[in-house]
Amino acid sequence: MSRLRPWLIDLALVAVAMADVLLDEEYTSRVEFAAACVACAAVLLRRRFPLVTFALTLPASWMLANLAAPAIALYSLAERTSNRAVLWGSVLATAIVAATPWPPGHPIDQRGIIVTFAYSAAWAGAPVLLGQLVRTRRDLSARLVEIEQARDHERQLHAQAVLARERAQIGREMHDVVAHQVSLIAVRAGALQVAATDPEAAEAARTIRRLSVDTLEELRHMVTLLRAAGGQGTELTPQPTLADLRKLLDSSGIEVELHGELSEELAAPGQRTIYRTVQEALTNVRKHAPGATATVRLWHDGDELGVTVTNTAPTRPAMTLPSSRHGLVGLAERAELLGGSFESGPTAEGGYRVALRLPR
């Protein structure tokens, strides 16, 4: 069954609030009836302006004993804010207003005021607690979804790392064993072609040597593909370059701004190092800074160039997730191999910053 539309729910709540006022028939003046109507109509604002809705129900709570509109306003406020000072201040305001005599000048019964205040405070606390319970349940559901997505991402990264290691192992075996043996075949066939006196034997040796050379070329191509790291899914793809950076940002799952640019004529190792630095930094933002945004800045200055990735402070607590803790170490090693430097650390605003610097 599909969920009801929000505006239908709001109209139904307005009808409940109006029924509460009309059935009690406690209003005796136009002022009281107007306050009741304002309180009921304010329910329509509860989604966008819950605090305003609550404030508009206070006059009716003072003049009348209606319960529906104030309860709806308190629940909506609690379901949409986590500010406890505002929530319990609203409960206190409701209790004070309900305990204040109406109309003004009415004889004051101190004992009755105290009893009314205590009852009203207990009654107002119920919708607040219910709203907080619903909010907590919704937040927990969202966190569970986020945790599952993070785990799926971790599993994908692990699967890609395993696949890359297997490709590298196969590539090494093909290079060290198969290619070596095919090279020997080509050398022996060349020697046989030179030494053969029979024309047919010489032709056969020449054919074997040509096929061996072609096979070596194919093996070199296959080894290059097998040693290529990363890539989406299980397909064999070339190493990433700066041209693939925009695709990486779009698929990162977080809000990222890209500033600056670098020439795509930069050497392939430098392009791969910059790409891997951005990739690792965005992965860490997703894992350790939920809700944060990131800024990627490409720069070049004289004889140096590099990239800086900075993220804002997280908006939600980070969950403890499995991590090899080798990502930043690997980036520093990549930078060192190219004669550059790598720095990382927290920012004064509560975020994190990684910076890669390479010689041109």
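So which GluC sites (Glu not before Pro) in region 254-360 are both in a DSSP loop and have at most 14 other Cβ atoms within 10 Å of their Cβ?
Listed in order of number, the matching sites are Glu255, Glu261, Glu264, Glu265, Glu349.
Sorting check: for 12-18, 54-60, which peptide has the highest mean count of neighbouring beta carbons within 10 Å, and how do the rest follow?
Ranking the peptides 12-18, 54-60 by packing returns 54-60, 12-18.
Which entry in (i) 35.7, 133; (ii) 19.2, 56; (iii) 21.3, 67 matches Rg and Dmax of the Cα atoms in Å derived from the coordinates of this structure?
Among (i) 35.7, 133; (ii) 19.2, 56; (iii) 21.3, 67, the one derived from this structure is (i).
Binned at 10 Å from 0, what are the whole-percent values of the Cα-Cα distance distribution for region 6-108, short to long?
16, 48, 29, 6, 0
Let's test the formula: R0 of 25 Å, r as the Cβ-Cβ distance of Val178 and Glu333. What FRET efficiency results, to the nearest 0.05?
0.25
When you count, for each residue, the other Cβ atoms within 10 Å and take the mean per peptide, how do 72-79, 203-210 rank with the highest first?
Highest mean packing first, the order is 72-79, 203-210.
Quick note: the coordinates plus some simple rules give every number you see, no bench work behind them. A quick note: this is a predicted structure, and the numbers were derived from the prediction, not measured. Methodologically, a virtual Cβ is constructed for each residue, glycine included, from the backbone with ideal geometry; neighbour enumeration extends over all protein chains shown.
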